[in-house]
Amino acid sequence: MPTVSSEELAAAAGVNSAKLRKDFSYLGSYGTRGVGYDVEYLVYQISRELGLTQDWPVVIVGIGNLGAALANYGGFASRGFRVAALIDADPAMAGKPVAGIPVQHTDELEKIIDDNGVSIGVIATPAGAAQQVCERLVAAGVTSILNFAPTVLSVPDGVDVRKVDLSIELQILAFHEQRKAGEEAEAQADAALEAEAGAAAAAAGKSGKGPDGDVPAVMPA
């Protein structure tokens, strides 16, 4: 039966092994001293806590380039999420299969959510349509929304929204790049000063003069 030690998991996650063992204790999994954790059971425990041991039907609203890419993403099923429906406002899209699922018109949104017991909605519409779509999703019973539209959504209490903004993620990376460039420039400046000081000290040693050009005093023997 495959097992893994807390040290191996901690090294992979970049955390302290004692902290990892403490966190795992909250899952009811203490492992076995000298053996480690049963991998299959540990995965089950973590999945259970994350709510991934059940099937979560999801609707994606807005089947443009981004929505189609999300529909074709193969990672949903392996994590417990099932794309129950694809919805778009364009009548020309109705019935068109994307990732093997026929697109349905937004007129059917409420019925689709009710028929499939959907509680999670994904919004991939243009910014101008996102709030209206959000309100319809919430009114139909959706309580969790993943928002890819470049706008901030207003939702009532009890509804969770996670915003995915690729431009912000790029800005964060740009900040780190700028900081690294500044640190590199500072390191190069420090190295240049050290080299200059070293050269001055070496020159002073050859001439018998101090770094400021004065002849060092001769100490009596």
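Filtered by the rule that a residue be touching a Pro at 6+ places or on another chain (Cβ under 8 Å), in a helix (DSSP H, G or I) and buried (at least 17 other Cβ atoms within 10 Å of the Cβ), the stretch 100-150 gives a lone residue, 138.
Of the residues making up the stretch 10-43, those that are more than 25 Å from residue 54 (Cβ to Cβ), in a helix (DSSP H, G or I) and of a type outside the set (D, E, K, R) number 7. State all residues of the stretch 71-89 that are free of Cβ contacts under 8 Å to residues at least 24 places away in the same chain and either over 21 Å from the mean Cα position of the chain (by Cα) or not in a loop (DSSP other than H, G, I, E, B) (or both); if no residue qualifies, say none. The answer is 75, 76, 77, 78. Whenever a residue of the stretch 135-148 is over 15 Å from residue 56 (Cβ atoms), its partners that are of a type in the set (Asp, Glu), lying with C-beta atoms within less than 6 angstrom and at least six residues away or across chains, give the pairs 140/110.
Tell me which residues, restricted to the stretch 46-70, are touching a strand residue (DSSP E or B) at 6+ places or on another chain (Cβ under 9 Å) and either farther than 18 Å from residue 133 by Cα or in a strand (DSSP E or B) (or both). Those that are touching a strand residue (DSSP E or B) at 6+ places or on another chain (Cβ under 9 Å) and either farther than 18 Å from residue 133 by Cα or in a strand (DSSP E or B) (or both): 52, 55, 56, 57, 58, 59, 60, 61. The lone criterion from (1) under 29 Å from residue 124 (Cα atoms); (2) at pLDDT below 85 left unmet by residue 27 is number (1). Of all residue pairs spaced 6 or more apart or on separate chains, those with beta-carbon atoms under 6 Å, a first member in the stretch 15-40 that is of a type in the set (Lys, Arg) and a second member that is surrounded by 11 or more Cβ atoms within 10 Å (Cβ to Cβ) are 21/6. Each residue in the stretch 54-80 was checked for being of a type in the set (A, V, I, L, M) and over 24 Å from residue 127 (Cβ atoms), and 1 of them qualify.
Total residues in the stretch 141-190 satisfying the condition of being at pLDDT below 90, closer than 30 Å to residue 51 by Cβ and among the hydrophobic types (A, V, I, L, M, F, W, C): the figure is 2. Considering only residues in the stretch 73-115 that are at pLDDT 95 or above and of a type in the set (S, T, N, Q), the one that is nearest to residue 137 (Cα to Cα) turns out to be 106. Taking the stated definitions as given, is residue 57 touching a residue at least 12 places away in the same chain (Cβ under 8 Å) and either surrounded by fewer than 17 Cβ atoms within 10 Å (Cβ to Cβ) or charged (D, E, K, R) (or both)? The answer is no for residue 57.
Criterion applied to 64, 74 was being under 30 Å from residue 24 (Cα atoms) and assigned by TED's automatic domain parsing to the domain that holds residue 153, and the one residue passing it is 74.
Residue 49 - would you say it is surrounded by 14 or more Cβ atoms within 10 Å (Cβ to Cβ) and either in contact (Cβ under 8 Å) with a residue 40 or more places away in the chain or among the acidic types (Asp, Glu) (or both)? For residue 49, the condition - surrounded by 14 or more Cβ atoms within 10 Å (Cβ to Cβ) and either in contact (Cβ under 8 Å) with a residue 40 or more places away in the chain or among the acidic types (Asp, Glu) (or both) - is not met.
The values are calculated or read from the model by the stated rules, or taken from the named source; none is laboratory data. What you see is a predicted model, and the numbers here were worked out from it, not measured in a lab. Neighbour counts are summed over all protein chains in view; Cβ atoms, including those assigned to glycine, are modelled from backbone coordinates with ideal geometry.
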